[in-house]
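The values are calculated or read from the model by the stated rules, or taken from the named source; none is laboratory data. Keep in mind that what you see is a predicted model, and the values were worked out from it rather than measured. As a convention, Cβ positions derive from the backbone with ideal geometry for all residues, glycine included, and neighbour counts pool all protein chains shown.
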Amino acid sequence: MVKSSSLKPEFLEEIKKRLLADKTELAQDIERLADEDPLMNPERTAESVPEFEEASSQMQGSERIAEEKKVLEKRLEETEESLKRIEEGSYGICKNCGNPIDQARLKANPQALSCLDCKSRLSQKQESA
């Protein structure tokens, strides 16, 4: 059973506004990166493929953009999940242990889905793996 959040409606409204703004900004950044990817240029054809050095540089640029895009997409997913949890009334409850997430943590990182204890444990597991 998911616990219900005990956060004040004013705080939740403030967080929701921030999350919605973040969602818009993240979506725009993802779209911008897609437009910047040299390998996704619609004018690029087999005949227009550049020489090796330039193609290598474009490949590196495309890989960098793909990594940035991956990070932004994960952040967008967390933002959308946080907005969903606000609507469900479970925002501010750790998805791992079910305990409340500290309000200061939520204010600093509105996309936080885990309390600090669980986040620390997860980070330690990932570092040791």
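List of remarks:
- Selection from region 93-129 of residues that are touching a helix residue (DSSP H, G or I) at 6+ places or on another chain (Cβ under 9 Å) and hydroxyl-bearing (Ser, Thr, Tyr): SER114
- Enumeration of residues in region 61-95 that are of a type in the set (Val, Ile, Thr) and in a helix (DSSP H, G or I): ILE65, VAL71, THR79, ILE86
- Of the residues making up region 65-111, those that are among the small types (Gly, Ala, Ser), within 27 Å of LEU33 (Cβ to Cβ) and in contact (Cβ under 8 Å) with a residue 12 or more places away in the chain are ALA66, SER82.
- Residue, farthest from PRO110 (Cα to Cα), within region 5-48, restricted to residues that are at pLDDT below 60 and loosely packed, with under 12 Cβ neighbours inside 10 Å: GLU47
- First in region 7-33 and within 29 Å of ALA66 (Cα to Cα), second anywhere and acidic (Asp, Glu) and at pLDDT below 95, Cβ under 6 Å, 6 or more apart: LEU33/GLU68
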